[in-house]
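Data first, discussion second: the structure below is written as structure tokens.
The values are calculated or read from the model by the stated rules, or taken from the named source; none is laboratory data. Since the model is a prediction, treat every value here as computed from it, not as a measurement. Cβ placement follows ideal geometry from the backbone for every residue including glycine, while neighbour counts extend to all protein chains displayed. Each accessible area value is taken on the protein alone, full model and side chains, heavy atoms only, with ligands, DNA and RNA left out. Shrake-Rupley method; radii C 1.70, N 1.55, O 1.52, S 1.80 Å.
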Amino acid sequence: MGAAEAPTKLVTVGISPVVISLIMVIGVFLARWSVPALILGTSSIRADVARTPHLLIWAILAGCIWAVANTLTIFAIRDVGLSIAFPLWNSNSLLGILWGFIFFNELRQAGARRWAGVVGGVLVMCFGAWLLAVASSATAAGPAAHASRGIAAALGAGILWGTMYIPYRKAYLTGMNPLSFVTFFTFGEVGMMGTLAISFTGTAGLWRQLVDAREVLFWLMLGGFVWVIGDLFQQYAAKYVGISRGIPLSNSNQIWGLLWGVFVFGELHGRSASVYAQVVGGSLLMMLGVGAIAFSSATGAEQVKWRDAARRECDRYGLEEGFVEARMDGRSAEGEVAPRRGMVDWILVAGATGVFVYFASMAGVPRMDFSWTAAGILSLVSLAMLVVCGVVIGRTTGFR
């Protein structure tokens, strides 16, 4: 997810934030249907929807929230840069902890040591975010008013993304597969983002901007595709460790945002040593907070409370407890038919691939300063981590 934000730096060469977000959402749409079809097949998606049709409206709502939040992040990147904005919108960790506790019994009966780890981690993260906010006034290219606007946009995105995890956790407590949930998530994303884009620019203005930016549309779509890959890992984290732990853990992407911003795009080039100390120190402090929360794993007593929350959802929607319990444990439920891929799945994969190939054929190198070497190294490391983590999830959960 950290690498996925790199193409949004195109906002610095004059491309509208709304256009960037819209094209990213199109890439997201293609990925959210083709990747699940490739991994498990649409038969699994149909089965999940048949069991839990009430979750469709939650998925669409979450998609609408994501589209608005993603647009805010691009405004933030334009005004304060990637290395500053990234950790600020990751304040969604705080809301994830709050909503997990209030709505889903997370951290209930967790014990004093784990509460101390979570609360201490939150305080350290807040202090790190404050250091980054202070540093932004020195790193922003525009006037101070722009820095304040960028900070507000990043924090607003964090609030929306933190709230967005409520539908996620609700879905996974009722046994829905993350690969199924994210497919219908896209309808909210595309609908909301299309509405925002037309509202900002008008139909004619939007078309004109898309034509003018045709050489970079591929890179933006690719950013959306990569985002989905990272988001799928985040979905499994939300399912198996809860949003109070999963969100802070996934927010380690802020370090990748910092690496891309500093080494690929040279955001801190020529700045004073104090600015470097604030940005790097603030990010490391936030990571220490993330670590403290991550090591405060759920105890057996807390997991009993999680199951109470799951039973509440079962009673509310008339679901079978045995199926939900099996899905929460990452195993197949009794009598569950194994998913399989069919012709529809291969058509989805081929269609998405064709769209990307078409836009790649007219793509050009963006007219901006960046380091190819640093970008290549970070991309290779990201791919290696993708393979390792994907194998682990596949072996332990079967992507259930």
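Computed quantities for the displayed model
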{"item": "Furthest towards positive pole of dipole, Gly120, Ala273, Ser250, structure part the chain, Cβ charges", "result": "Gly120"}
{"item": "222 nm mean residue ellipticity, helices alone, for the chain (DSSP H n ≥ 4; -39,500 (n - 2.57); rounded to 500)", "result": "-26000 deg cm²/dmol"}
{"item": "GNM top mover of Cys389, Cys64, Cys314 - the chain, alpha-carbon springs below 10 Å", "result": "Cys389"}
{"item": "Over the range 131-284, relative contact order from alpha-carbon pairs under 8 Å, at least 6 apart, %", "result": "40 percent"}
{"item": "Point-charge dipole on Cβ atoms (K/R +1, D/E -1) for the chain, about Cα centre, debye to 20", "result": "280 debye"}
{"item": "In nm, spacing of pseudo-spin labels at Ser272 and Arg214 (7 Å Cα→C-beta vector)", "result": "4.8 nm"}
{"item": "Taking the range 249-349 and dividing mean pair separation by its residue count, relative contact order in percent (alpha carbons under 8 Å, at least six apart)", "result": "19 percent"}
{"item": "GNM result for the chain, Cα springs below 10 Å: residue of Phe75, Phe200, Phe263 fluctuating most strongly", "result": "Phe200"}
{"item": "Centroid-to-centroid separation of the range 148-202 and the range 90-104 [C-alpha atoms, Å]", "result": "16 Å"}
{"item": "Read-out Rg and Dmax of the Cα atoms in Å, derived from the coordinates shown; its label in [x] 19.4, 56; [y] 20.8, 64; [z] 21.5, 69", "result": "[y]"}
{"item": "Calculated FRET value between Arg46 and Trp372, using beta carbons and R₀ = 45 Å, to 0.05", "result": "0.55"}
{"item": "Per residue value of the accessible surface for the chain (all protein chains in place, 1.4 Å probe), Å²", "result": "42 Å²"}
{"item": "Solvent-accessible area of Trp219 with every protein chain in place, 1.4 Å probe, in Å² to the nearest 10", "result": "80 Å²"}
{"item": "Chain lengthening between Leu123 and Ile102 when straightened (0.36 nm per residue, less Cα-Cα)", "result": "5.6 nm"}
{"item": "Length gained when the stretch Ala112-Leu288 is fully extended (0.36 nm per residue, less Cα-Cα span)", "result": "61.4 nm"}
{"item": "Rounded percent of accessible protein surface that carbon and sulfur make up, the chain, 1.4 Å probe", "result": "69 percent"}
{"item": "Approximate spin-label separation Phe187-Ala360, in nm, with each point projected 7 Å along Cα-to-Cβ", "result": "3.1 nm"}
{"item": "GNM result for the chain, Cα springs below 10 Å: residue of Val387, Val19, Val357 fluctuating most strongly", "result": "Val387"}
{"item": "Ranking by accessible area, most exposed first, for Ile229, Ile293 with a 1.4 Å probe", "result": "Ile229, Ile293"}
{"item": "Whether the range 284-374 is rounded, prolate or oblate, judged on the alpha carbon gyration tensor where a/c under 1.5 counts as rounded", "result": "oblate"}
{"item": "Derived scalar couplings ³J(HN,Hα) [the range 292-302; Karplus, 6.51 cos²θ - 1.76 cosθ + 1.60; whole Hz; x for Gly, Pro]", "result": "4, 5, 4, 7, 8, 5, 5, 8, x, 5, 5"}
{"item": "Probe 1.4 Å, all protein chains present, accessible-area order of Phe218, Phe187, largest first", "result": "Phe187, Phe218"}
{"item": "Normalised contact order of the chain, rounded percent, pairs of Cα under 8 Å and 6 or more residues apart", "result": "33 percent"}
{"item": "Val355 accessible area, 1.4 Å probe, all protein chains in place, Å² to nearest 10", "result": "50 Å²"}
{"item": "Diffusion constant of the range 14-95 at 20 °C, which comes from Stokes-Einstein with the Kirkwood Cα-pair radius and 1.002 mPa s, µm²/s", "result": "143 µm²/s"}
{"item": "Karplus 3J(HN,Hα) series, Hz, for the range 114-125 with 6.51 cos²θ - 1.76 cosθ + 1.60 (x for Gly, Pro)", "result": "6, 4, 5, x, 5, 5, x, x, 4, 5, 5, 4"}
